[in-house]
1. Restricting attention to segment B:52-62, and to residues there that are assigned to a strand (DSSP E or B) and charged (D, E, K, R), which single residue is surrounded by the most Cβ atoms within 10 Å (Cβ to Cβ)?
2. When you scan segment B:52-72, do you find a residue that is of a type in the set (D, E), closer than 28 Å to A:G106 by Cβ and free of Cβ contacts under 8 Å to residues at least 60 places away in the same chain, even just one?
3. I'm trying to understand the selection: among the residues of segment A:82-112, which are of a type outside the set (S, T, Y), in a loop (DSSP other than H, G, I, E, B) and at the interface with chain B (Cβ under 8 Å from one of its Cβ atoms)?
4. Across segment B:91-118, which residue is nearest to the other protein chains (Cβ to nearest Cβ) among those that are open to solvent by 10 Å² or more (accessible area, probe 1.4 Å) and either outside any loop (DSSP other than H, G, I, E, B) or of a type in the set (F, W, Y) (or both)?
5. For residues in segment B:16-50 being assigned to a loop (DSSP other than H, G, I, E, B) and in contact with a Cys (Cβ under 9 Å, 6 or more places away or on another chain), which is most open to solvent (accessible area, probe 1.4 Å)?
6. Conditions first: (1) part of a strand (DSSP E or B); (2) surrounded by fewer than 16 Cβ atoms within 10 Å (Cβ to Cβ); (3) among the aliphatic types (A, V, I, L, M); (4) within 14 Å of chain B (Cβ to nearest Cβ). A:M27 passes all but one, so which condition is the exception?
7. Check B:S65, B:S82 and return the single one that is surrounded by 12 or more Cβ atoms within 10 Å (Cβ to Cβ), hydroxyl-bearing (S, T, Y) and assigned to a loop (DSSP other than H, G, I, E, B).
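The values are calculated or read from the model by the stated rules, or taken from the named source; none is laboratory data. This is a predicted model, so every value here is computed, not measured. Note that we place each Cβ from the backbone using ideal geometry, even for glycine, and neighbour counts take in every protein chain shown. Heads up: the accessible areas ignore ligands, DNA and RNA and are worked out on the full protein's heavy atoms, side chains in. Shrake-Rupley method; radii C 1.70, N 1.55, O 1.52, S 1.80 Å.
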Amino acid sequence: EAQVTQNPRYLITVTGKKLTVTCSQNMNHEYMSWYRQDPGLGLRQIYYSMNVEVTDKGDVPEGYKVSRKEKRNFPLILESPSPNQTSLYFCASSLFDRGGSPLHFGNGTRLTVT
Amino acid sequence: AQTVTQSQPEMSVQEAETVTLSCTYDTSENNYYLFWYKQPPSRQMILVIRQEAYKQQNATENRFSVNFQKAAKSFSLKISDSQLGDTAMYFCAFMKPPGSGNTGKLIFGQGTTLQVKP
């Protein structure tokens, strides 16, 4: 089944404790990205990657890191989480072969930082 | 910079009736793409419908259709014969055309929560 898999689904952590949210897609998509969803703000892009070893900042990159060592994986790293990073996070991918390719989303990770 | 606005935070509709969700956007681009995504309580983001700006014809997917008014920069979603399973948050989103930077990026509106009542 074609899908984007992200883990964990729920995560509670404390301020300053490094964490990684994993994301993997099995559709051979070039484009991958991370979004955070907050009430009243919709989804905002954190980072994106157009291909292996090519990553760039989105609209809200502060406090986050990513890597793209393999085409299928795109982990999101929070080196020192803070309470304002409490949010719902989505990984997404698309084929990027032509304009307007829809994004396919993972099931989300609910992160709480205390 | 492009922006997307959904001015209705919450809406409700009776089962089997029709409801329209509003979306406006701002862009200087001529060719672009517009989407509606559905997010049920399960949190999944599900693509509902996609519209290409250079196509005059409004997109339709079963009970879901759009009213795309390019000059007015309006992209509303009409749900006919509403069902209980349509209860969800709905997001309108904009995507730039190819060749203009981060073209895989979706710019989302704030979302509209739709409650379908039995």
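1. B:E52
2. Keep residues of segment B:52-72 that are of a type in the set (D, E), which gives B:52, B:61.
From what is left, the residues that are closer than 28 Å to A:G106 by Cβ are B:52, B:61.
Filter once more, keeping what is free of Cβ contacts under 8 Å to residues at least 60 places away in the same chain: B:52, B:61.
Among the residues of segment B:52-72, at least one is of a type in the set (D, E), closer than 28 Å to A:G106 by Cβ and free of Cβ contacts under 8 Å to residues at least 60 places away in the same chain, which makes the answer yes.
3. From segment A:82-112, those of a type outside the set (S, T, Y) are A:83-85, A:88, A:90-92, A:95-100, A:102-108, A:110-111; that's our starting set.
The next check asks that each one be in a loop (DSSP other than H, G, I, E, B); those that pass are A:95-100, A:102-103, A:106-108.
Once the filter is applied, which keeps residues that are of a type outside the set (S, T, Y), in a loop (DSSP other than H, G, I, E, B) and at the interface with chain B (Cβ under 8 Å from one of its Cβ atoms), segment A:82-112 yields A:F96, A:R98, A:G99, A:G100, A:P102, A:L103, A:N107, A:G108.
4. B:F108
5. So, considering only residues that are assigned to a loop (DSSP other than H, G, I, E, B) and in contact with a Cys (Cβ under 9 Å, 6 or more places away or on another chain), the one most open to solvent (accessible area, probe 1.4 Å) is B:S22.
6. (1)
7. When all the criteria are applied, what remains is B:S82.
For every residue, the table says whether it meets (1) charged (D, E, K, R); (2) outside any strand (DSSP E or B); (3) open to solvent by 40 Å² or more (accessible area, probe 1.4 Å).
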site: A:T22; (1), (2), (3): no, no, yes
site: A:R44; (1), (2), (3): yes, no, yes
site: A:P61; (1), (2), (3): no, yes, no
site: A:E70; (1), (2), (3): yes, yes, yes
site: A:S80; (1), (2), (3): no, yes, yes
